[in-house]
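The values are calculated or read from the model by the stated rules, or taken from the named source; none is laboratory data. Nothing here was measured: the structure is a model prediction, and the numbers come from that model. Cβ coordinates were reconstructed from backbone atoms using ideal geometry, including for glycine residues, and neighbour counts include every protein chain displayed. The area values use the complete protein model at the heavy-atom level, side chains included, leaving out ligands, DNA and RNA. Shrake-Rupley method; radii C 1.70, N 1.55, O 1.52, S 1.80 Å.
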Amino acid sequence: MIFIFLILAIVVLVYVYLTWNFDYWSKRGVPSPKAKILFGDLPNGLTRKKHIAYDIQAIYDDFKAKTPFVGIIQTRDPRLLILEPEVVKDVLIRKFNNFRNSEFTDMIDTEQDPLFAQNPFFLKDDEWKEKRAEITPAFTTNRLKALYPLIQDVSVRMVKYINDESKKSDPFDARELSAKFTTDVVSNCIFGVDAESFTKEKPEIREMGRKLLAPSATLFFKIFLVESFKFLKKFIKIQFMQAEVKEFFVNLMQQALKYREEKNVQREDFLDYIIQLRNKKHISELEMASHTISFFSDGFETSSIAISHALYELAKNKRVQDKLRDEVNKHCDDNGLLNFETLNDISYLDQVFHEALRLHPPAVITSRMCSETVDLEHDGKKVTVDKGMNVYIPIIHMHYDSEYFLEPKSFQPERFDDGVMKDYLDRCVFMPFGAGPRICLGMRFALLQSKAAIAAIVRNFEFSVNEKTQDNPLIIDPKEFLNIKIGGLWLNFKPLNEE
Ligand code: HEM
């Protein structure tokens with residue numbers, strides 16, 4: 001009898017604990033969906049049957065017309081999802097001091113992951129400010145210009161690779177192709193080494209890059225637990241980077257450093273910038289390794305996702321592909337090359353790439369953690385956001401909103417004609433790189449390497465979607481953090497200049 005009573009008491013306690021916050025939003029008069037026990041309003045956060053972007057889309061569609069913000073529950077924790085661009089602007093820009101940190105800032109454990117510890121993405125408050133300011137000069141126009149020939153070399157290798165491989169008439173996974181490209185570019189720009197992704201059977205740097213960002217089911221589950229039950233943060237240590245990967249990249253940096261110093265090599269690349277930083281600020285070798293790995297991890301994955309989606313959309317839209325090819329050809333010099341300035345001048349290339357980013361932003365949402373309690377208000381509706389509350393900004397959902405983009409599901413680079421992109425960015429309805437003081441730090445480098453890859457491919461090949469692509473419709477892989485599609489993006493390439 002006592003035993004049954006005990007079990008019942010435990011069940012009741014667990015129920016009360018799990019549903020404790022379910023009236024959090026109704027008590028504050030903020031509209032919210034009906035949360036389900038254990039799942040909250042984001043069931044796929046736990047089940048991983050679908051990407052969490054789809055849960056947020058359902059809430060966005062239900063509430064967008066009614067309210068500028070909606071209260072949601074993640075397992076048992078209240079969160080705020082912003083639906084109105086003006087309020088997005090408040091969070092990301094106007095009230096930045098209250099929302100200066102990201103949701104992930106408290107997640108990284110400097111002992112477990114010392115090499116992610118310098119990445120501004122994971123840092124907060126003054127430390128974030130200091131590191132962001134430290135790294136920003138690595139992306140000046142002069143440095144990017146100096147890196148451009150390295151990017152061009154990789155483009156040439158990529159074109160040769162596609163030429164050779166297309167003779168086998170097998171389709172290419174645009175995602176893997178783009179990842180090879182960005183891996184080679186960033187290895188070259190950071191470590192000064194050729195990752196040989198296009199020539200080696202199992203290129204080590206590409207393999208390590210794959211491991212660096214491949215989230216395991218255990219990692220997802222730990223993040224889910226820590227995010228859902230904040231008290232567990234003290235007990236559950238999250239380690240993003242495996243020891244083997246850490247060792248590999250530290251070694252790579254040490255070797256690159258040794259080579260450069262022994263041979264007195266002068267190259268205006270990212271490693272050179274880190275060396276200058278060491279000389280100026282006496283940063284440790286671990287800090288140097290941390291900076292280089294941050295460049296590497298931030299630099300290859302997001303851009304390769306973006307390039308692959310742009311290629312996919314071009315493959316589907318022959319008119320746009322042909323028009324872009326004409327534009328690129330018009331801007332090439334006598335040797336068929338695009339220089340740094342002309343690459344930036346091809347406005348149609350810019351439009352194509354941004355339209356692909358609109359349809360397939362690599363990061364589907366971004367988030368901020370409230371660091372000082374503050375009120376958000378719009379159209380007579382008000383919410384008090386308490387310190388510690390996570391606030392979600394729906395990036396992809398705004399990109400697909402027909403209130404802002406006509407026929408939002410169709411690929412129309414012309415929608416960015418006449419310089420209207422700035423207006424979309426200013427209104428915070430188009431945010432592939434986020435917005436405000438925490439906007440993507442590597443945006444200019446990302447644009448440079450992505451446009452260089454797309455221009456090289458479109459100049460040299462005609463390409464179409466292969467039937468292996470599961471695009472009816474494309475579905476975001478629930479096993480990934482970022483916007484990666486299930487089954488890959490398979491394309492057929494036909495060389496335009498047959499040898
Ligand atoms: C197409 C490629 C890329 C996309 C779409 C992208 C997107 C983003 C987004 C959405 C954020 C969050 C911004 C916010 O919350 O407001 C971000 C942050 C960041 N990105 Fe990127 N990114 C790309 C490439 C890169 C590259 C190439 C680098 C560096 C080499 C980089 C470095 C960073 C860093 C360091 C942050 C954190 C900034 C901070 O918190 O201060 N990203 N990126």
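Numbers below:
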{"quantity": "Percent RCO, i.e. relative contact order, over segment 84-495, from Cα pairs under 8 Å lying at least 6 residues apart", "calculated": "25"}
{"quantity": "Asn329-Tyr17 FRET efficiency (beta carbon distance; Förster radius 51 Å; 0.05 resolution)", "calculated": "0.20"}
{"quantity": "Expected 222 nm ellipticity per residue - DSSP helices of 4 or more, -39500 (n - 2.57), all of the chain, to 500", "calculated": "-15500 deg cm²/dmol"}
{"quantity": "Label-reachable residues, segment 1-40, where backbone N falls under 14 Å from a point 7 Å from Lys230's Cα toward its Cβ", "calculated": "21"}
{"quantity": "Gain on full stretching of the segment that runs from Lys422 to Glu244 - 0.36 nm per residue minus C-alpha separation", "calculated": "59.8 nm"}
{"quantity": "Extension gain from Phe5 to Ile37, taking 0.36 nm per residue of separation minus the Cα-Cα distance", "calculated": "9.3 nm"}
{"quantity": "Stretch gain in nm, segment Ile283-Asn251, where the contour uses 0.36 nm per residue and the Cα spacing is subtracted", "calculated": "9.8 nm"}
{"quantity": "Protein accessible area in segment 84-495, 1.4 Å probe - carbon and sulfur %", "calculated": "50"}
{"quantity": "Too-long pairs where the Cα-Cα distance tops 28 Å, listed order kept, from Lys64/Lys323; Lys129/Lys233; Lys49/Lys381; Lys131/Lys211", "calculated": "Lys64/Lys323; Lys49/Lys381"}
{"quantity": "Residue-normalised accessible area of the chain, expressed per residue, 1.4 Å probe, Å²", "calculated": "46"}
{"quantity": "Computed magnitude of the charge dipole of segment 84-495 (debye, nearest 20; Cβ of K, R +1, Cβ of D, E -1)", "calculated": "420"}
{"quantity": "Cβ-Cβ FRET estimate between Val156 and Glu261, R0 fixed at 35 Å, reported to 0.05", "calculated": "0.75"}
{"quantity": "Cα-based Lys proximity count in segment 407-499, under 24 Å, for pairs eight or more positions apart or on separate chains", "calculated": "12"}
{"quantity": "Three semi-axes of the equivalent ellipsoid, segment 187-328, Cα gyration tensor, whole Å, largest first", "calculated": "30, 28, 15"}
